[in-house]
Every structure is written in C-alpha cells, then in structure tokens.
Amino acid sequence: MARHVVEASLGAAYRGHWPSRVVRALGMQRRVRVRHHSIATPRWPAGMRPLRLAFASDLHAGPTTHPSLLDEAFERLAAAQADLILLGGDYVFLTADHIGEIERRLARLRAPLGIHAVLGNHDLWADDQAIVDALTRGGARVLVNERACLPAPFEHVMLAGLDDPWTGVRASRPHFLPDDPVRIVLVHAPEALLHLEDEPFELALCGHTHGGHIALPGGIPILVPGPLSRRYAHGRYELTGQRTLIVSRGVGGTEVALRWNADPDILVVEVGR
C-alpha cells in the first residue's frame with residue numbers, strides 16, 4: 001500500500017515528464033555506453049564461431065527517462081549486430097501506460113536468433129500481463145522460469161530466463177538439465193544467485209542495480225537495495241565454479257532522472273571457446 005501511495009504521488013508530481021526534460025535541457029543527460037566482454041568456455045564446440053549477444057536492462061519508460069535516451073539505447077542495440085538480443089526487465093516506471101514506447105522501438109530491432117526478455121520488479125508492480133503482451137507484439141519472447149534452446153548453429157546453447165527474484169515466482173531447481181552444454185542465465189537482479197546456489201552456468205546477465213544511479217567517483221554506489229545488489233553493483237564478477245556474472249547499470253531513471261558516476265549502458269558479450 002505504501003508503495004502505491006508513493007508511486008501515485010510521483011506520477012502526479014512528474015506530470016508532463018518534466019524531470020527528464022529538465023535533465024536533458026541542462027545538458028546533464030548521460031550518453032549510453034557500450035561495454036564489451038568476452039567469455040571463454042571449454043564446453044564450446046571446437047571450430048564454432050563465438051555467439052555475439054547484446055543485453056539491455058532497466059529501460060524504465062516514463063517521466064524520468066527521456067525518449068531520446070531510449071532512442072540511443074535501441075540504436076546501440078541495433079549497431080551491435082548481435083546474433084541474439086536479451087532484455088533484463090524493468091521496461092517502465094510507475095505504470096504500464098508507457099510500455100508502448102518500448103514496443104515501438106523493439107519492433108524495429110532484428111536479431112538472427114531472436115529477442116528474449118524477462119520481467120523486473122517494476123513490471124510486476126505495474127501490469128505484467130500488459131507488458132508481456134506489448135513485448136510479444138514487439139517481437140520478443142518473454143521467459144518466465146523457462147528454458148530456451150537457441151536455433152542452429154548455436155543449438156548447444158541453453159538460455160534460462162528466470163522471473164524477478166524480488167517479486168516474481170521462484171523457479172524450482174535445477175534450472176538446467178545435466179546434458180545442457182553451454183548455459184546462459186537471463187534474470188533481472190543479482191539476487192537470483194540466491195536461487196541458483198551452486199548450479200553451474202557459463203554466463204549470467206542482469207541489471208536492477210543502476211550502478212547506484214547516483215554514485216561516488218569511481219562508480220562506488222551510494223545506495224543500492226539488497227545485499228547481493230550492493231555486492232554486485234555493476235560490472236563483471238568471476239564466481240566459484242568458473243561462472244561469470246555481468247551486471248549492467250541499465251538505461252533509464254526511476255525516482256530521479258539524473259545519473260551521476262553511473263552512466264547508462266548496454267552490454268555486448270561474445271561467448272566462445
């Protein structure tokens with residue numbers, strides 16, 4: 001109830017989307033960075049070229065994310081020329097009324113192996129069915145505790161899309177089958193590691209943290225909710241069992257439009273031998 005009161009108050013206060021307009025007018029809107037990573041695994045078939053994927057999270061269409069920032073993020077996704085595009089949730093802020101902004105841009109994206117998406121806590125707080133419907137119309141497959149085998153020539157790659165670990169339905173373990181060769185986890189928040197426990201995977205991608213949104217010099221976050229989100233606030237982490245977690249700072253804004261020392265980003269990752 002308290003959250004609904006706060007969000008209704010913000011919706012009224014931010015009418016006309018003035019926060020994002022002010023930040024842009026003052027020249028304080030940060031550019032979307034593209035952060036590149038490579039993942040090497042001995043489980044990758046010999047002689048097979050790497051899989052190139054692009055990942056974006058926390059788009060947060062709404063009063064604190066200027067449309068030009070969304071345009072820039074989707075332009076970066078398109079320019080990545082990825083085999084596969086993955087989306088990490090939190091497509092709106094405050095209400096699902098803004099999901100059309102994502103749907104229109106999503107419909108223009110193309111990836112040979114498709115677009116897969118999961119939901120975030122803001123999506124589940126808004127209207128998750130409306131958001132799933134819009135993403136589907138835009139060409140994305142929304143995974144809710146589902147496994148998806150990639151098409152040839154990457155049929156050796158298994159993708160597990162998990163529901164938001166904060167507010168979603170917890171998936172039963174294991175998330176992969178024993179004979180799944182290369183395993184990629186797509187989820188909204190680092191707290192999914194609590195559910196994955198010691199289950200093996202090659203790569204996990206998530207967002208949620210915004211890198212603190214407002215951070216100290218050097219990108220040290222001031223406030224990030226949740227112990228694992230604080231521990232894995234942004235960047236790349238090598239976990240036990242030769243597992244790699246990469247956390248995006250996301251794109252859009254929530255309670256505030258201004259980002260400081262936490263520039264928005266998308267990830268481009270190559271997975272291979």
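Brief remarks follow.
- For Glu270: the one exception among (1) part of a loop (DSSP other than H, G, I, E, B); (2) surrounded by fewer than 22 Cβ atoms within 10 Å (Cβ to Cβ); (3) not hydroxyl-bearing (Ser, Thr, Tyr): (1)
- Ser38 vs. criteria surrounded by fewer than 14 Cβ atoms within 10 Å (Cβ to Cβ), under 20 Å from the mean Cα position of the chain (by Cα), among the hydroxyl-bearing types (Ser, Thr, Tyr) and more than 23 Å from Asp123 (Cβ to Cβ): yes
- Count - residues of segment 79-104 that are surrounded by fewer than 23 Cβ atoms within 10 Å (Cβ to Cβ), modelled with pLDDT of 95 or more and at positive phi: 1
- Residue within segment 144-152 that is β-branched (Val, Ile, Thr), in contact (Cβ under 8 Å) with a residue 40 or more places away in the chain and under 20 Å from Leu205 (Cβ atoms) present: no
- Any hit, segment 87-97, residues being under 23 Å from Tyr14 (Cβ atoms), in contact with a strand residue (DSSP E or B) (Cβ under 9 Å, 6 or more places away or on another chain) and in a helix (DSSP H, G or I): yes
- Inter-residue pairs, beta-carbon under 7 Å, first modelled with pLDDT of 90 or more and in segment 215-244, second exposed (fewer than 13 other Cβ atoms within 10 Å of the Cβ), 6+ apart: Ala215/Ile222; Leu216/Ile222; Gly241/Asp198; Thr244/Glu238
- Flag if Arg249 is within 22 Å of Val187 (Cβ to Cβ) and buried (at least 22 other Cβ atoms within 10 Å of the Cβ): yes
- Hits in segment 106-141 - residues which are touching a strand residue (DSSP E or B) at 6+ places or on another chain (Cβ under 8 Å), in a helix (DSSP H, G or I) and hydrophobic (A, V, I, L, M, F, W, C): Leu106, Ile131, Val132, Leu135
- Any hit, segment 170-186, residues being closer than 15 Å to Leu119 by Cβ, within 14 Å of the chain's Cα centre (by Cα) and modelled with pLDDT of 90 or more: yes
- Segment 117-133, subset in contact (Cβ under 8 Å) with a residue 40 or more places away in the chain and small (Gly, Ala, Ser), residue farthest from Val185 (Cα to Cα): Gly120
- Just one of the numbered conditions (1) outside any helix (DSSP H, G or I); (2) charged (D, E, K, R); (3) in contact with a strand residue (DSSP E or B) (Cβ under 9 Å, 6 or more places away or on another chain) is not true of Arg31: (3).
- Inspection of segment 248-256 finds a residue satisfying the criterion of being within 24 Å of Pro50 (Cα to Cα) and in contact with a strand residue (DSSP E or B) (Cβ under 6 Å, 6 or more places away or on another chain).
The values are calculated or read from the model by the stated rules, or taken from the named source; none is laboratory data. Bear in mind that the values here come from a model prediction, so they are computed numbers and not experimental data. Reconstructed Cβ throughout: ideal geometry from the backbone, glycine too, with neighbour counts over all protein chains shown.
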